[in-house]
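Nothing in this text is a laboratory measurement; each read-out follows from the coordinates by a stated rule. Treat the numbers as computed from the prediction; the structure is a model and nothing was measured. Here the Cβ is made from the backbone with ideal geometry for all residues, glycine too, and neighbour counts use every protein chain on show.
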Amino acid sequence: MKRELANGGDERKYHKSLVFVCIGRKSVKSKNVNCPEYVMHFLREFLLLGPETDFQVDNKTTCLKFKAILVSYLNLLLSIFSGALMKNNENNPRIVVSVKNLSHVFSSRTGEIKALENISIEVQKGEFITLVGPSGCGKSTALLIIGGLLEYQEGEVCLYDMPVRKPNPELVGFVFQETSLFPWKNAIDNVEFPLRIRGSSKEQRKCKAKELLDMMGLGDFPDKYPYELSGGMQQRVAIARGLIQNPQVMLLDEPFASLDEQTRTRLGFELLRIWSQMKKTMIFVTHSLTEAVLLSQRVIVLSARPGRIIDDIAIDIEYPRTYETMISERFAMLRDRIRQLIAETEVSV
Amino acid sequence: MGKKQADKISHARNTQIAIVVILLLIWEILPRYGVVHPIILAPFTSVIMEGYLHYFNILRHLGTTLIEIVVAILIAWVIGLTIGLLVGTNKTLRELLVPLFSSLYAVPIVIIYPVLSVWLGLGLQAKYIFGGLYGCFPVLLNTIAGVQSIDTQYITVAKSMGASKFQTIIQIIFPLSLPGIISGIRLGAALAVIGVIVGEMLASSEGIGFLIEANRTIFNSAGVYLAILISIGIVAAIDRILFIIEKKTVYWR
């Protein structure tokens, strides 16, 4: 079976280069090797993650993980000998996060608390959705479950068609609510930390971290400690840290909750800028309806505990959104509608 | 620093110095003028004289003691820290062992010495194991307490980055529990020193503790007080060093 690839090369060549890469795995794992672009393309095609996944490529050298190579090699063998195509995501509309009939119960001192009841959410690639609802409705719980930080009992939660059982830091980045930065590390050490525990080399880490800090507007403060930074700046560092492994999906749990209104809005716009630049899938949880309507394409409204999905509202205001958006009629109407929905659920409980 | 503050500090300093000088004067005068028998309280100058006359011998004993102290402190810290981190991060172990350790901590360690000296003999080894054992309990218990005091949010953050249990303990739990650990380390060092000196007092032929005991038996009070002063000096010096280190490491609080 011959497959034609984008740059017109043929398969045998790829086969050989992969063999080379596999045999030379030691050098791949510990050093940076020059990897031809077609091999990268090839790997992307065959891995389940989809064509746009970045392998932490930078311009000069490429560092490949052995597991990825092995998987793709095996896939290659399979496809050659069975003649079947590997699962290709191009046919379905690329559903990234799929939650089906999820229910979750906490056991506490006072008995069992049902946090979520039968919620189903589908998020498409590159979408920006927000979960809102009254306090205690389980939106943070849902986010933790989607990210693999909490084990769920009933239902199905899938990320890129793979069931979620534990955190997948290369696919999912988290930004938490209060300061989650490590106080004994400065900004750049905080940002590079996820790469450090995954074993990246020092230069690579520092380089990438500096890049992200520059992108977040903190290029002048890499060696400041969290206690030396304002709340807004701390959350910028937290966002940079969430982005460093270049995950496809970002989960943000009320990241701006502890900030003042001005900083909150400003950081919201920054987030939108990052979202449109990097084309990530964003799932945002917030209490603030203004924020929800301002930032996202869809707002999913949860009821009071036990959290059920009341409605899924599409925000059809176009991007880029600005301060003007906040004073428009459509904005106010959508926000009030959501507020009403929430008020109704609070009353009925 | 404002002038008022500087004034206050130098004022406090002066008071401290004044108190010490007065105490030294009392120490000197009381025995010399027969208020207290010189055997009970040797005059300060005679203590100094004793040191001057026998300084070489005393230095030799001091050397032995210091070596034992360093080893004992290292044993106390390493064992206390390792077990502390392991137990602190593991719920079942914690519930099982912490009551046990707390009770053991309360037992006066000198009771164990007879047993230990039978097992380990009377050489240097016994002293530093004794000191190490004595010092490891506060390190252990404070490490566990330090680990307990961590905000679990940080653990969640670590998990979200895909850190393994081992990485989480070393890179995150350890720095975060450092305040508790350091106070344990300071206490552990002090106790290790005491353990070593007491061990020397009970059964030894070398060291500062031995000097205390030997001089006691011949009623050479000057010698006794000298050795005691030296012991206090050692503990104070070590504690001071650790205090400075503590200030440097926990700057982020």
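Details
- Restriction of the chymotrypsin sites (Phe, Trp or Tyr not before Pro) in the range B:130-239 to DSSP coil positions whose beta-carbon has at most 13 other beta-carbons within 10 angstrom yields B:PHE219.
- Taken over the alpha carbons of the range A:88-244 as equal point scatterers, the Debye sum produces base-10 log I(q)/I(0) values at 0.21 Å⁻¹ of -1.23.
- For A:174-182, mean number of other protein chain Cβ atoms within 10 Å: 4
- Cut-off under 5 Å, modelled amide H: who pairs with A:GLU127 long-range: A:MET282
- Inter-label distance, nm, simple model (7 Å from Cα along the C-beta direction), A:MET278/B:ALA106: 5.4 nm
- Distant-in-sequence amide H partners of A:LEU302 (H built 1.01 Å from N, under 5 Å): A:VAL132, A:GLY133, A:ILE310
- A simple rule links phi to the HN-Hα coupling: the Karplus curve 6.51 cos²θ - 1.76 cosθ + 1.60 with θ = phi - 60°, which for the range A:212-228 gives 5, 5, 4, 5, 8, x, 10, x, 8, 10, x, 9, 7, 8, x, 6, 8 Hz, with x for Gly and Pro.
- Tail weight of P(r) past 17 Å, computed on alpha-carbon pairs of the range B:1-41, percent: 50 percent
- Whether chain B is rounded, prolate or oblate, judged on the alpha carbon gyration tensor where a/c under 1.5 counts as rounded: oblate
- With one equal scatterer per alpha carbon and no solvent term, the Debye-computed log10 I(q)/I(0) for the range A:116-187 at 0.20, 0.25 1/Å reads -1.01, -1.41.
- Mean Cβ neighbour count within 10 Å, used as a protection proxy, ranking A:141-149, B:22-30 highest first: A:141-149, B:22-30
- Cβ neighbours within 10 Å from other chains - mean over B:161-168: 5
- A protection proxy built from the mean count of other Cβ atoms within 10 Å ranks the segments B:104-110, A:334-340, most packed first, as A:334-340, B:104-110.
- On Cα atoms only, tilt of B:124-148 relative to the major axis of chain B in degrees: 40 degrees
- Nearest-20 debye value, chain B charge dipole, Cβ charges on Lys, Arg, Asp, Glu: 840 debye
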